[in-house]
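Worksheet for the structure shown next.
FYI, it's all coordinate maths here, none of it is from the lab. Not measured: the values here are computed from a predicted model. Note that each Cβ is placed from the backbone with ideal geometry, even for glycine, and that neighbours are counted across all protein chains shown.
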Amino acid sequence: MNDTSNSPSITEIVYRCDEVLAHAWMVRTFIKHCEEIEDYTELMGIVRAVFDISRALETRLSDPVGYLKMLNKKLSKLRQAVEQFAIDALKASTHTNFQQAVKSMNVCLRELQTLSAQGQKLLATLPPAAATDVAANDDDADESGV
């Protein structure tokens, strides 16, 4: 078996990113509605960052190439927000909920970075014309059960 047989497809990477972002969205919801937000408005940074990346990517779910390009573009902003959140959350509260939210965002970021790197490798192997046809070909493969 060669390495490419174990590599996820572009569509699989997009699907996994969407799952990871669901976890980030739950942290966003927790922070957005927590009582501490009134006294620690800097926590809104992670709320805005998760909203920004989620909304930017959801518009590209049917365009895997565009999705991966946007993911790569948005990751640095999310990384900065996650790093700041690790500082701000523990200033707001040392409660387990906040500690776990920080861990969760770190896991989400790490997973998205890994997926983005895998996606960029796949995109680099595509000829320019083929990159635009990936969505159609992946859709065909999904429908055939392959």
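Plainly put, the range 9-131 has a radius of gyration that is 1.04 times its Kirkwood radius, both from alpha-carbon atoms, as the Rg/Rh ratio. Of Ile10, Ile31, the sequence from fewest to most neighbouring Cβ atoms within 10 angstrom is Ile10, Ile31. Phi angles of the range 21-31 translate, via the Karplus equation with coefficients 6.51, -1.76, 1.60 and θ = phi - 60°, into HN-Hα couplings of 5, 5, 5, 4, 4, 5, 5, 4, 5, 4, 5 Hz per residue; Gly and Pro are given as x. Counting neighbouring beta carbons within 10 Å and listing from fewest to most, the residues Cys108, Cys34 come out as Cys34, Cys108. Note that the range 44-51 has calculated 3J(HN,Hα) couplings of 5, x, 6, 4, 5, 5, 5, 4 Hz, one per residue in order, obtained from phi through the Karplus relation 6.51 cos²θ - 1.76 cosθ + 1.60 (θ = phi - 60°); glycine and proline are x.
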